[in-house]
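These notes concern the structure reproduced below.
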Amino acid sequence: MTALLLRQIVRRCGSFTLIIPHLEVPRGAIFGIMGPNGAGKTTLLSLMGLLDLPEEGEMTLFGEKVSANKKKRLVQRRRIGFLTQETVLFPSRSVEENIAYGLQVRNFSSDEIRNAVGSVAEMLHLSPVMKKRTVEGLSGGEARRVAFARVMVLPADLYLLDEPLAGVDRESGDLIAAAVASLSSAGKTVGIVSHGEDRIVTLFTNGIVLEGGAIREQFSKGETL
């Protein structure tokens with residue numbers, strides 16, 4: 001089954017235009033989106049995350065057509081976890097509260113939240129900082145892991161990650177990469193924007209290389225980029 005399908009997509013951003021004639025993201029894939037700066041990677045990821053809509057074309061999410069209606073699209077977006085390139089945390093909240101935020105707004109029970117947050121925190125080695133009253137003082141790698149944990153803890157089917165290893169230390173990068181692999185093992189679909197230098201590329205099962213707002217090539221595991 002296809003997780004995401006994009007057909008005849010056109011998205012204009014000033015003088016830049018993203019054109020995607022046809023793109024399928026298989027369910028359960030770790031799908032890489034690569035290319036140089038200005039290629040359209042983040043623009044494409046925003047479309048895939050239903051944060052934006054194209055001027056032309058259509059998209060389907062797990063077989064359901066993406067709605068132009070904001071309320072209906074918000075329901076569809078509940079199936080997606082989205083990590084932005086910038087590490088944005090709530091500075092006045094604890095590490096635990098930051099990770100739990102998405103579950104709280106979805107009205108999960110206290111027990112469900114505690115169990116889910118504890119499991120993700122353990123996987124990402126965040127247990128030692130869980131009780132910090134605020135996120136101030138975290139290292140860059142710890143802060144990125146908290147931001148990733150806040151996305152990973154969500155009961156989504158599709159996780160979209162914009163440069164998840166940007167600016168992190170080796171330990172944090174290894175932990176995040178291992179967590180991405182665990183999502184795939186659990187049958188989740190993961191889309192990742194990467195410049196191609198980091199080790200997360202080795203996890204890609206398939207993907208695309210963008211250049212100038214167009215797909216330059218597509219690749220699958222085992223091929224040489």
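The values are calculated or read from the model by the stated rules, or taken from the named source; none is laboratory data. Please read all numbers here as calculations on a predicted model, not as lab measurements. Positions of Cβ are backbone-derived with ideal geometry, glycine not excepted, and every protein chain shown enters the neighbour counts.
Using the structure shown, decide if residue 63 is of a type in the set (Gly, Ala, Ser) and either without any contact (Cβ under 8 Å) to a residue 24 or more places away in the chain or touching a strand residue (DSSP E or B) at 6+ places or on another chain (Cβ under 6 Å) (or both).
no
Has segment 152-163 got at least one residue that is within 21 Å of residue 50 (Cβ to Cβ) and part of a helix (DSSP H, G or I)?
Step one: list which residues in segment 152-163 are within 21 Å of residue 50 (Cβ to Cβ), which gives 152-163.
Narrowing further to those that are part of a helix (DSSP H, G or I): 152.
So far as segment 152-163 goes, yes, one or more of its residues are within 21 Å of residue 50 (Cβ to Cβ) and part of a helix (DSSP H, G or I).
List pairs: first in segment 137-163 and on the phi > 0 side of the Ramachandran plot and of a type in the set (A, V, I, L, M, F, W, C), second surrounded by fewer than 24 Cβ atoms within 10 Å (Cβ to Cβ) and modelled with pLDDT of 95 or more, Cβ under 7 Å, 6+ apart or cross-chain?
none
Looking only at segment 133-150, how many residues end up being basic (Lys, Arg) and not in a helix (DSSP H, G or I)? Reasoning before the result, please.
Filtering segment 133-150 for residues basic (Lys, Arg) gives 133, 144-145, 150.
With not in a helix (DSSP H, G or I) added as a condition, the list becomes 133.
Final tally of qualifying residues: 1.
Looking at segment 118-152 only, could you name the residues that are under 22 Å from the mean Cα position of the chain (by Cα) and of a type in the set (S, T, N, Q)?
119, 139
Looking at segment 67-84, which of its residues are farther than 12 Å from residue 148 by Cβ, touching a residue at least 24 places away in the same chain (Cβ under 8 Å) and polar (S, T, N, Q)?
76 - this is the single residue of segment 67-84 that is farther than 12 Å from residue 148 by Cβ, touching a residue at least 24 places away in the same chain (Cβ under 8 Å) and polar (S, T, N, Q).
Which residue, of 66, 88, 105, is buried (at least 19 other Cβ atoms within 10 Å of the Cβ) and either at pLDDT below 95 or over 21 Å from residue 170 (Cβ atoms) (or both)? Before you say what the answer is, go through the steps one by one.
Values: 88 fails: buried (at least 19 other Cβ atoms within 10 Å of the Cβ); 105 fails: buried (at least 19 other Cβ atoms within 10 Å of the Cβ).
The unique qualifying residue is 66.
Scan 143, 166, 121 and give me the residue that is out of contact with any Leu (no Cβ under 9 Å at 6 or more places or on another chain) and crowded, with 21+ Cβ neighbours inside 10 Å.
121
Which of the residues belonging to segment 181-201 are over 21 Å from residue 47 (Cα atoms), in contact (Cβ under 8 Å) with a residue 12 or more places away in the chain and either of a type in the set (Val, Ile, Thr) or assigned to a helix (DSSP H, G or I) (or both)?
181, 182, 183, 184, 199, 200, 201
Scan segment 1-26 and report the pairs whose first residue is under 16 Å from residue 192 (Cα atoms) and whose second residue is basic (Lys, Arg) and assigned to a strand (DSSP E or B), with Cβ atoms within less than 9 Å and a gap of 6+ or a chain change.
Every condition considered, the pairs that remain are 23/7.
Check whether at least one residue in segment 111-125 is without any contact (Cβ under 8 Å) to a residue 24 or more places away in the chain and either in a strand (DSSP E or B) or more than 22 Å from residue 175 (Cα to Cα) (or both), and report yes or no.
yes
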